[in-house]
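Each remark here refers to the structure printed beneath this line.
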Amino acid sequence: MAQITLQNLKKSFGKTNVLKDISLEIKDGSFTILLGPSGCGKSTLLRILAGLEEESSGHIYMDTKEITYNEPKDRDIAMVFQNYALYPHMTVYQNIEYGLKIKKIPKAERKQMVTGVLEMVELTDHAQKRPNQLSGGQRQRVALARAIVKRPGAFFMDEPLSNLDAKLRNHMRQELIELQAQLKTTFLYVTHDQVEAMSMGTHIIILNQGEVMQQGTPKEIYTNPQNLFVAQFIGSPPVNIMKQGDYSIGIRPENIRLVQAFDPAEDTYQIDGELLSTEQLGGETIYRVKTEYGKLNVKTPSRWDSIDKPVQLTFSKEDVLFFGEDGNRIAPQYELLEDLRVAPQLHFA
Amino acid sequence: MRQRKLSISTILQHTLLILLSLIAIFPLYWMIISSLKNEADIFNSSIIPWNATFSNYVYAFQEMPILRMMLNSFVMATLLTAFQLITSILTSYALVRWQVKGSTFIYLLISLSWLIPMQVIMIPNYVLVNQMGLNETLLGIVIPLSVSTFAILSLYQSFRSFPKALIDSARLDGEKDFFILVKVILPNLKSTIASLGILLFINGWNEYLWPMLITTEMENAPIQIGLRSFVNSDVNMWGSLMAATTISCLPILVIYFILRKHIIESFVRYGIK
């Protein structure tokens, strides 16, 4: 178990700055997700932490020990790769045993460790098979077993589920959460998939263009985004952004209500719109509505009745996110909403 | 069962292919039947050797230490293959594994060296081998040819396409750099290296000009040099030449029958040289 601390970590390839001065703490025993769009530097960051790539400057600590210049094998970590990276010429058993052999662990002990891990990932019957005889999910479990058997201080995972089909991915997500709960070890998990991040992480770090945009619990990230990038990156469909002069205001699709008969409750804001499309997702429905502020998404629990084209959207001011010119979150500026405010008397007139 | 229809284009294609195969095989066939003809029939254009005789073979064996020279050829080709494989594996691994400054430049230099013809460096090499006292030895033949640019360039491509994650994984497992090559990379490139090895062996077996410079005694020379001795300014002993050539082809033929699949694969992979 280990806490990992990054201090002023920088990385550039030639003139491109891939990581710009990153300082972070990855808490001991946390399931931390490095989330960001492709090319944001998240995989590079993970590889630097693993020692597979060299940083341009900065320091890395594991607990209090500096590991910046340590070889990968001396960092007390194990890594699971996107393509599993199993040795094709070795059996499942040999794949898991390989690292232990190099560490010169005695044979009897090795056998005990490998058998134990095989049981844990339910692959005992497949021990003598080659990776190409296994399904994607089984390969993934071998890759996990190979990491687990090393009993590392931290697990690094680089998009480990992206090669699996949707159903298996959901299943493996559950398994990883349970595994982490069982091992109580630090997990550092790289993904571009916000669903994975939100569902698995106890802690999320959002990267964009080599900079940390925000870090926090999934709830903090979702309900309290610090800037436009985070607000737009997290949430499906993404947050609705309306331009009001230099400012942007954002409302999440599920915080907008779609009405056809107006309810003059206090502090309600209203936008007129025209229904463009309806997307039934089963449990919920997404409506796309054209308004004078652009096309807005509305997400509601499913209602199966058909809706007339002219619709009205209402929302509460507490759910509105305000962003300044630079895209950073600012304190609520309710006067920006004045245009949208419903004057009840006017309505009833 | 549905009957397969032969379309005209299939027939044309196959006729063409059969024709081309015959053209390719005919010289070999001619070589074999000529080796069985006696002196009088040698310029006879009959394609069947009516009065087959083994006298040419007997004569060839009397004239030349054929077995000894074939052994020379075999040792030479094996050593060349081994050296060229080792040097090209190490070079490719170094170039791919460590992206140091200037590695592209080194690769460029190696590529360019392929453009320098053997004939240009033959004389300096000869002088050097002479000074080292390696004349008349197989080592003298092998050492200057122990690095093959062709082999390096071919393997470099395979090494480059080798999944990097496997190497990373081995590094995380704590494997040493040399053993990453031996235990992780090479076992997975077995067929590539086997194909390349076969090509290098055939090239080595056919080496002619350079061994001719280094050796003067028949006992020290590979078989290809020996063949030449049947053709000289006074008499051309075609019958014996064909007999000896047929014998010299046998080992390659045997290897071909054993490794047929690999050889075809290696020709497909590296193109016919």
Counting other chain Cβ atoms within 10 Å of each Cβ in B:170-182 and taking the mean gives 5
Residue separation between residue B:68 and residue B:111 times 0.36 nm, minus their alpha-carbon distance, gives in nm 11.8 nm
About its Cα centre, the protein assembly as shown carries a charge dipole, from +1 on Lys and Arg Cβ atoms and -1 on Asp and Glu Cβ atoms, whose size in debye to the nearest 20 is 1900
In degrees, nearest 10, the alpha-carbon axis of helix A:136-148 is tilted away from the dominant principal axis of the alpha carbons of chain A by 60
Gyration tensor on Cα atoms of chain B, a ≥ b ≥ c root eigenvalues, a/c under 1.5 rounded, else prolate if a/b beats b/c, else oblate, says oblate
Residue-normalised 222 nm signal for the protein assembly as shown, counting each DSSP H run of n ≥ 4 as -39,500 (n - 2.57), nearest 500 deg cm²/dmol, is -14000 deg cm²/dmol
Rounded to one decimal in nm, the spacing of the 7 Å Cα→Cβ label points at residue B:265 and residue B:182 is 2.4
About its Cα centre, segment B:65-270 carries a charge dipole, from +1 on Lys and Arg Cβ atoms and -1 on Asp and Glu Cβ atoms, whose size in debye to the nearest 20 is 720
As a percent rounded to 5, the proportion of antiparallel DSSP bridges among beta bridges in the protein assembly as shown is 75
Of the candidates A:95, A:238, B:58, the farthest towards the positive dipole end of the protein assembly as shown (Lys/Arg Cβ +1, Asp/Glu Cβ -1, centred on the Cα centre) is B:58
Trypsin sites (Lys or Arg not before Pro) in segment A:168-240 lying in a DSSP loop, each with at most 15 other Cβ atoms within 10 Å of its Cβ, come to A:184
For chain A, the longest principal axis of the Cα atoms and the Cα long axis of helix A:107-120 enclose an angle in degrees, to the nearest 10, of 20
Note: segment A:237-348 at 37 °C, 0.692 mPa s; Kirkwood Rh on alpha carbon pairs; Stokes-Einstein D in µm²/s works out to 224
Pseudo-spin-label distance residue A:108 to residue A:338, built 7 Å along Cα→Cβ, given in nm, is 8.5
Output ordering of A:142-148, A:23-29 (per-residue mean of other Cβ within 10 Å, highest first) is A:142-148, A:23-29
Filtered hits (lysines, Cα-Cα < 19 Å from residue A:20, offset >= 8 within chain) -> A:10, A:11, A:42
Subtracting the Cα-Cα distance of residue A:129 and residue A:236 from 0.36 nm times their residue separation yields 34.5 nm
Flagged as over-length at 18 Å C-alpha distance, from A:73/A:103; A:107/B:176; A:27/A:65, the pairs are A:107/B:176
Of B:219-230, A:111-122, B:139-150, B:41-52, ordering from highest average Cβ density within 10 Å down gives B:219-230, B:139-150, A:111-122, B:41-52
Over its alpha-carbon atoms, the protein assembly as shown yields an Rg and a Dmax in Å of 36.6, 127
Residues of segment A:213-243 with backbone N under 19 Å of the label point set 7 Å from the Cα of residue A:316 along Cα→Cβ are A:220, A:222-225, A:240
What one gets for segment A:34-124 as the Kirkwood radius, inverse of mean 1/r over different Cα pairs in Å, is 15.6
Phi angles of segment A:196-213, converted by Karplus (6.51 cos²θ - 1.76 cosθ + 1.60, θ = phi - 60°) into ³J(HN,Hα) in whole Hz with x for Gly and Pro, give 4, 4, 5, 7, 9, x, 8, 8, 10, 10, 9, 10, 8, 6, x, 10, 7, 7
Taking a straight Cα-to-Cα line shorter than 21 Å from residue A:295, and setting aside same-chain lysines fewer than 8 residues away, one finds A:243, A:309, A:317
Partner aspartates and glutamates whose C-alpha sits under 12 Å from that of residue A:290, ignoring same-chain residues fewer than 8 away, are A:272, A:274
Dipole check, the protein assembly as shown, charges on Cβ (K,R +1; D,E -1), about Cα centroid: among B:115, A:183, A:77 the Cα furthest to the positive pole belongs to B:115
Simple SL model, points at 7 angstrom along Cα→Cβ for residue B:13 and residue B:157; separation in nm is 2.5
If unit charges are put on Cβ atoms (+1 for Lys and Arg, -1 for Asp and Glu) and the dipole of segment A:237-348 is taken about its Cα centre, the option from A:256, A:316, A:327 lying farthest towards the positive end turns out to be A:256
Nearest 10, in degrees from 0 to 90: the angle of helix B:103-113 to the longest Cα principal axis of chain B is 10
With +1 at each Lys and Arg Cβ and -1 at each Asp and Glu Cβ, the charge dipole magnitude of chain A around its Cα centre, to the nearest 20 debye, comes out at 1920
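Rule-based calculations on the coordinates, nothing more; no lab input. For clarity, every value in this text was computed on a predicted model and none was experimentally measured. Quick reminder, even Gly has a Cβ in these numbers, built from the backbone with ideal geometry, and neighbours come from all protein chains shown.
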